Amino acid sequence: MERSLKNDVITTAESFTNNFSHRGNFDYSVESLQELDDILEELSDYELDEDTLYSASSMAGSYIFEVARRNYGGEYYWGKEREQPVLVTGQPNFSVSIYAFEKVKGRIVNGEEDNIPFYFKGYIEAVEKGRKAGYNATIV
């Protein structure tokens, strides 16, 4: 299942970059997450139904996952409890997990308090800590 999940996340992230290429340089760099956050800020001004919110969360979340995986490594797993993918970075030496779909949904619904670049900075700090000292964390 992980192989299919990985392909689904990559394909969805590529769809995001194609659909929003006119809005920024979505090159899977950490810096490009600010442009993604700007789009989510605009979406937060609208009242979205559950299907649209899920679609936006999965597209933007897949892009965030791919930024993380391409820059810091990791494997995708299906989080049964939360019914969404999780990226786990660092195994077997350490383990840092992120649930990007959930964070994107929070950013759209809650606004600036769920800022994506701030969230991702926490992920980077956890990965760096894990590389130095072995560390297990879930970034939410």
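A few points about this structure:
- Residue check, Tyr54 aromatic (Phe, Trp, Tyr) and over 16 Å from Lys103 (Cα atoms): no
- Among the residues of the range 1-46, those identified as within 19 Å of Ile124 (Cβ to Cβ) and among the polar types (S, T, N, Q) are Ser29, Ser32, Gln34.
- Flag for Glu112 being modelled with pLDDT under 95, surrounded by fewer than 16 Cβ atoms within 10 Å (Cβ to Cβ) and over 15 Å from the mean Cα position of the chain (by Cα): yes
- Of the listed requirements (1) touching a Leu at 6+ places or on another chain (Cβ under 9 Å); (2) of a type outside the set (Ser, Thr, Tyr); (3) under 21 Å from Leu5 (Cβ atoms), Val109 misses just one: (3).
- Meets criteria (farther than 18 Å from Thr12 by Cβ, without any contact (Cβ under 8 Å) to a residue 60 or more places away in the chain and part of a helix (DSSP H, G or I)) for Tyr119: yes
- Tally, over the range 1-20, of residues that are more than 18 Å from Phe101 (Cβ to Cβ) and at pLDDT 95 or above: 1
- From the options Val67, Val104, Val86, Val96, residue that is within 19 Å of Glu14 (Cα to Cα) and part of a strand (DSSP E or B): Val86
- If the condition is being without any contact (Cβ under 8 Å) to a residue 40 or more places away in the chain, among the small types (Gly, Ala, Ser) and in a loop (DSSP other than H, G, I, E, B), then the range 1-43 contributes only Gly24.
- Residue match in the range 126-138 (condition: free of Cβ contacts under 8 Å to residues at least 24 places away in the same chain and either closer than 18 Å to Glu35 by Cα or outside any helix (DSSP H, G or I) (or both)): no
- Within the range 51-73, the set of residues being of a type in the set (Val, Ile, Thr) and open to solvent by 10 Å² or more (accessible area, probe 1.4 Å) comprises Thr52 only.
- Taking the criterion of being in contact (Cβ under 8 Å) with a residue 60 or more places away in the chain and surrounded by fewer than 22 Cβ atoms within 10 Å (Cβ to Cβ), the residues of the range 77-109 that qualify are Tyr77, Trp78, Val109.
The values are calculated or read from the model by the stated rules, or taken from the named source; none is laboratory data. Given the structure is predicted, the values throughout are model-derived calculations rather than measurements. For neighbour counting, all protein chains shown are included, and Cβ atoms are generated from backbone atoms with ideal geometry for every residue, glycine included. Each accessible area value is taken on the protein alone, full model and side chains, heavy atoms only, with ligands, DNA and RNA left out. Shrake-Rupley method; radii C 1.70, N 1.55, O 1.52, S 1.80 Å.
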